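Structure first, then comments.
The values are calculated or read from the model by the stated rules, or taken from the named source; none is laboratory data. Remember, it's a predicted structure, so these values are computed and weren't measured experimentally. We place every Cβ from the backbone using ideal geometry, glycine too, and count neighbours over all the protein chains shown.
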Amino acid sequence: MRYIKTRTVVLIGCLLQVCTAQAGKLSIVIDDVGYRPHEEGAVLQMPTAISVAVLPNAPHARLMATRAHSQGREVLIHMPMAPLSKQPLERDTLQPSMSSEEIQRIIRNAVNNVPYAVGMNNHMGSAMTSSLPGMQKVMQALDSYQLYFLDSMTIGNSQATRAAAGTHVKVIKRKVFLDDTANEADIRRQFNRAVDLARRTGSAIAIGHPRPATVKVLQQMLPTLPADIVLVKPSALLNEPQGNSSGGNNYVPPPVKQPKPQPKNPFTGGIKQCKVKLPKEKVNASTVINVIGESVAQSPAGTFIKRQWQRWTDTAPAKPKA
Ligand SMILES: [Zn+2]
């Protein structure tokens, strides 16, 4: 009996590992932070994998960056960049016509105003990011700060990836905008699109804003995230293939995945590959679930494991000879 229980622990450890290994990685970044302390406070109540992009000249920029960082949350500089359309601009919006020195000065100020930032993404920027010379100046400035660049992809022909060639700046790309409208049903649909993309392609980055409808939808959807989707910080995706990239220095071919053995009868074969530390003492099923931890046990993954455990114990061989 003890043998069976011990193997069960191994099995559940394996399941957790398989879940993690095969999970689609979803990264969510909330832009435009620094102006709306109330909604932004709600964002800081969300899981810490939800990252924040702070406008460097916003009144609460430093406070929000510091608070987010102190929670272990990833902070980005949300750098204003010139759009093609005429609209009110933030102070120090980067323009393609600016000199390298001017762009360096603006980025240096932004780094000072947004402490703890590890990356940068663009606020607006359809004119700036589609300019190769303009983005080359940005990438050269970023190179000395070891910041990654998350391309918000506000225009299809963004030159960010090409511009990073020859620098150490890693470029990742936004795949889904959560809240082009303030309609909750639309935001929910976009959230599900991001989940689906993460599942099908391995990873996806979604960008939203600290608006009431977005906050509400995220509060509803995040606790029910499917078990095969894991929330990650954008920096966890720096070496993921970014797809349809027009060249550049950042494409990393996808790793060749070895299929994980998933034996039909978990008590025979396939288990040895899983290096899980075994508890020495005697355990029973409920202890096993407790070991996994209440949070996991109550998550969809936990429910799945409990169901599987019951199914397998129903069909398990009587008693091994060993
Ligand atoms: Zn923005």
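Look at the range 175-190: where a residue is assigned to a helix (DSSP H, G or I) and a partner is among the small types (Gly, Ala, Ser), sitting 6+ places away or on another chain with Cβ atoms under 8 Å, you get GLU184/ALA213; ILE187/GLY208; ILE187/ALA213; GLN190/ALA206. Looking across the range 46-93, the residues that are more than 12 Å from the ligand (Cβ to nearest atom) and in a strand (DSSP E or B) come down to SER51, VAL75.
Of all the residues in the range 158-189, those that are surrounded by 20 or more Cβ atoms within 10 Å (Cβ to Cβ) and either of a type in the set (Asp, Glu) or touching a strand residue (DSSP E or B) at 6+ places or on another chain (Cβ under 6 Å) (or both) number 14. Could you say which residue among ARG162, ARG188 is over 19 Å from LEU142 (Cβ atoms) and over 17 Å from the mean Cα position of the chain (by Cα)? ARG188 is the lone residue from the list that is over 19 Å from LEU142 (Cβ atoms) and over 17 Å from the mean Cα position of the chain (by Cα). In the range 1-44, which residues are at pLDDT below 80 and of a type in the set (D, E, K, R)? Hits for the range 1-44 are ARG2, LYS5, ARG7. Would you mind stating whether ASN157 is away from the ligand (no atom under 16 Å from the Cβ), within 14 Å of the chain's Cα centre (by Cα) and assigned to a loop (DSSP other than H, G, I, E, B)? Taking the combined requirement at face value, the residue does not satisfy it. If the condition is being under 22 Å from HIS123 (Cα atoms) and part of a helix (DSSP H, G or I), then the range 194-210 contributes only ALA194. Counting just the residues of the range 113-128 that are closer than 17 Å to LEU55 by Cβ and within 14 Å of the ligand (Cβ to nearest atom), which one comes out surrounded by the fewest Cβ atoms within 10 Å (Cβ to Cβ)? Restricting to residues being closer than 17 Å to LEU55 by Cβ and within 14 Å of the ligand (Cβ to nearest atom), the top hit is HIS123. Just one of GLN146, GLN104 is more than 16 Å from the ligand (Cβ to nearest atom) and in a helix (DSSP H, G or I); which is it? None of the others qualify; the one that does is GLN104. May I ask you to list pairs of residues, at least six apart or on different chains, whose Cβ atoms are under 6 Å apart, with the first in the range 87-105 being at positive phi and the second being assigned to a helix (DSSP H, G or I)? Going by the 6 Å Cβ cut-off, the qualifying pairs are ASP92/ILE106. Screening ALA53, ALA110, ALA68 for residues that are crowded, with 23+ Cβ neighbours inside 10 Å, touching a residue at least 12 places away in the same chain (Cβ under 8 Å) and in contact with a His (Cβ under 6 Å, 6 or more places away or on another chain) leaves exactly one candidate, ALA53.
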